[in-house]
Structure formats: C-alpha cells, structure tokens
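What follows is a set of notes on a single structure, which appears directly below.
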Amino acid sequence: MRIAIDAMGGDHAPRAIVEGVVLAARENRSGCEFVLVGLEEEVRAELDQLKAKRLPITTVHASQTIEMHEKPVEALRQKKDSSIGRMIDLVKEGNADAAVSAGNTGAVVAASLLKLRTLAGIDRPAIAVLMPNPVTGVTVLLDGGANAECKPANLRQFGVMGSIYAEEVLGLENPRVGLLSRGEEESKGIPLTRESYALLEHEPINFIGNVEGHDIFDGTVQVVVCDGFTGNVVLKTSEALAETISTLIKRESKRTLPSLVGAALMRPVFRLLKKKVDAAEHGGAPLLGINGAVIICHGGSSGLAIRNGIRAAERFVEHDVNHHITRCLGTGATAGRTPRDNDPA
C-alpha cells in the first residue's frame, strides 16, 4: 500500500507532517510506503533532521502551496503545481492508494471531486468526523463541512455511507443512525430534515429517526446525519467547548492547596480523558463518497495526529469501504459522476 501525504498542509507544516510520516514509517505495521508531496528541498531537510533515510519514504516535488485562507477552486485553478493537487493526482493515476492532508479542507474536497469524482450512486461526498461518546467510544457525524447546502437525497446517501463506515471500519455492529433535528418527532425540523427522514427510513440501515444535539455525545446513536453547515458548526463548537472546559479545570485546580492535591491525584484520569476526546487520537476524517481514499486532518495537527491520520487511511483501504458503499447502494460500480455534475464551488 502506498499513501500520499500533503507535506505542506497544516499550521505546522512541513515539520509536523514529516514527523507524523516518520512515526508511521517506523511502526509500519502493514508494510506501507509513504510519499511526501511538497517543496522537496524543505521536506528532505526535515527528513534528514529526523534521520529517516532508511525508511520507506519518498518525495514528490510540488512547487506551490494552497494556504488556508485561499478560495479552494480558485486556488486549484491558479496553482496547477500545488501539493494538494499533486497528492490527489497520485491517487488518480494509481500511484497511491490513499491521500492524507491537513491543508485547506475546501481545496482537498474540491481537488478530490474534480480529479477523482464521486462513487456511482453518490451525488456529493461528506466529511465523516468522529465525536466521543461514553457508550461505544465514538459517534460518526457527517457531513462535517464538505457541503454548506444539501438536498434530502444527499442526507440519505450520508446515512448509508456513515453506517457502512461505522460498521466496517469502526467495528460498530448494526450502528444506529439518527437525523439531527430540533425535536425527535418526525414532523419536527425544517423541510430538509422532514424530507430526508422520509428517505432514510426506507434505506437498509438501522435508522432510528430524529435526534438532537445531546444525542451526539450520549451514545444514543453511532451515526448522526446533517448538512455540512450544521455539522461544521457542531464540530467547531464542540472543539471550543472542550478547550474551555480544559482551561477552566486547570485554572480552578490551582486556586487552593486541596484542589492542587486533588488535581494531582486525578492526573491519571485526566490523561485518559484527554486521550479519549483528543482529535489527534483519531487523526483525520475520511471524505466518504469519493472514488478513492482521502483523509482530511485538522489544520493544527501534530505529528501524532498525522500518524493517526495515516492509520485511518490504511484502515479505509484495508476494509475496502468504497466497495461496501457501492454494493449497499446497489450500483456495483466505482466510477461516478463527472466533475461538472459535482461543481465544488
């Protein structure tokens, strides 16, 4: 298996990206090869510092980088030799089995749509984000931000894809799928959720109906379906809330001697809790519905997060997720709609 990694994507690139690839290469449980795509001179300098010459890591030069603030489609058109574009090209050409990037999310989604296209039966892809819950460990939330606006047919497809990913990759047997709304009753919500409900209840998945925000985290469901705008708001709010709670705990634990002692005694519990809720432990979110394997990592990813993103890519390929999606949708094909049908703008 060969995995292409965008060496220039993320707030801490290329150092954190190269560190993550070196970590993965030193463990290399499945005999993978790794291809770092980016400014070759900078990437090789980082590899030299990490003494990685004997590891199964190669480089592909890309002279341009798409920055986080750039408009995705416009940047892809202007920067023909971007690290994101070259990375996806490797997958398209069959020179890589998967791609991993912590760069501009919109550009990764757009490049994947334009170059790889979608699976047959899928109109638009979805970012599947893993959220913590105390019952089954994680809840799959999709779409996490690939599509600001969605149609009921899109949410139907998201439900099927999320269910397959939860079962095949995460090992959650017969996962319960819920539609994010403002009430549990079928009649509640906006036209999008009401129409999506009618479609989802006829799919061969364990659809339990509408769920609300608190159900994402309490284990009621293992898959939560929503449009990308709502999903991204949920994601960013959850990240901010987790950071705020962590800051408050640290601040309050230093106020008195008993609280300092208590915090010291609770340190092992805090470490375990951090491990369970830390996004770096999951590494990245798969872009489901693309005719290829693409993992999107957080922009602030550390080396550990990149390593785990690479692991997510390995699992995606090993479990043949795309085959299961097309089989469930009854299409049996892997080449989908044209880039024009999937205008990422």
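What follows draws every value from the coordinates through simple rules; no lab data is involved. All values derive from a computational prediction rather than experimental measurement. Because the Cβ atoms are built from the backbone with ideal geometry, glycine has one as well, and the counts that use them run over all protein chains shown.
Go ahead and run the numbers for FRET between M1 and E239, Cβ-Cβ distance against an R0 of 35 Å, rounding to 0.05. Write down the numbers at each step before the final one.
Details: r = 31 Å, r/R0 = 0.87.
About 0.70, to the nearest 0.05.
From the Cα gyration tensor of the chain, with a ≥ b ≥ c the square roots of its eigenvalues, which class applies: rounded if a/c is under 1.5, or else prolate if a/b is larger than b/c, or else oblate?
oblate
Using Cβ counts within 10 Å as a stand-in for footprinting exposure, how do D11, D97 rank, fewest first? The partial results should precede the final answer.
Numbers: D11 13, D97 20.
Lowest to highest Cβ neighbour count: D11, D97.
Residues with beta-carbon under 12 Å from that of V233, excluding V233: net charge, scoring Lys, Arg +1 and Asp, Glu -1?
Summing Lys and Arg as +1 and Asp and Glu as -1 gives -2.
If you take every DSSP beta bridge whose two residues both sit in the chain, what share of them, in percent to the nearest 5, is antiparallel?
Working: 11 of 39 bridges.
The answer is about 30 percent antiparallel.
Measuring from centroid to centroid over Cα atoms, what is the spacing of region 1-49 and region 100-161 in Å?
Using only Cα atoms, the two centres lie 24 Å from each other.
Sorting check: for 227-233, 104-110, 43-49, which peptide has the highest mean count of neighbouring beta carbons within 10 Å, and how do the rest follow? Walk me through the numbers before you get to the answer.
Numbers: 227-233: 20.1, 104-110: 26.3, 43-49: 17.3.
Sorting 227-233, 104-110, 43-49 by mean packing, highest first, produces 104-110, 227-233, 43-49.
How much of the DSSP bridge set in region 108-236 is antiparallel, in percent, rounded to the nearest 5?
The antiparallel proportion sits near 30 percent.
Could you sort 234-247, 147-160 so that the peptide with the highest average Cβ count within 10 Å comes first and the rest follow in order? Provide the component values of the computation, followed by the final result.
Details: 234-247: 13.2, 147-160: 21.9.
Output ranking for 234-247, 147-160: 147-160, 234-247.
What is the spin-label model distance, in nm, from S30 to M266 if the labels are put 7 Å beyond Cα along the C-beta direction?
3.9
Work out which helices of the chain, taken as complete DSSP H runs, extend at least 15 Å along their axis over the Cα atoms and score a mean Kyte-Doolittle of 0.0 or more, then list them.
Numbers: long enough: 15-27 (18 Å, 0.76); 105-116 (16 Å, 1.62); 152-168 (24 Å, -0.13); 228-252 (36 Å, 0.15); 257-277 (28 Å, 0.70); 303-318 (23 Å, 0.03).
Taking the DSSP H segments of the chain (at least 15 Å long, mean hydropathy at least 0.0), we get 15-27, 105-116, 228-252, 257-277, 303-318.
If each residue's Cβ is checked for other Cβ atoms within 10 Å, how do H202, H61 rank with the fewest at the top? Mind showing how you got there, number by number?
Numbers: H202 9, H61 15.
Fewest-to-most Cβ neighbours within 10 Å comes out as H202, H61.
Calculated FRET efficiency, D81 and D48, Cβ-Cβ r, R0 30 Å, to nearest 0.05?
Working: r = 24 Å, r/R0 = 0.79.
So, using R0 = 30 Å, E works out to roughly 0.80.
Going by how many other beta carbons lie within 10 Å of each one, how would you line up R86, R77, fewest first?
Working: R86 21, R77 12.
Ordered by Cβ neighbours within 10 Å, fewest first: R77, R86.
Picking from I249, I57, I295, which is most flexible by a Gaussian network model of the chain using Cα springs under 10 Å?
Most flexible of the set in this elastic network: I249.
For the pairs K80/K151; K53/K79; K151/K188, note any where the Cα-Cα span goes beyond 22 Å. Walk me through the numbers before you get to the answer.
On the way: K80/K151 31 Å; K53/K79 30 Å; K151/K188 17 Å.
Check vs 22 Å cut-off fails for K80/K151; K53/K79.
Could you tell me the calculated FRET efficiency between L304 and D218, based on Cβ-Cβ distance and R0 = 30 angstrom, to the nearest 0.05? Write down the numbers at each step before the final one.
Details: r = 27 Å, r/R0 = 0.92.
After rounding, the FRET efficiency stands at 0.65.
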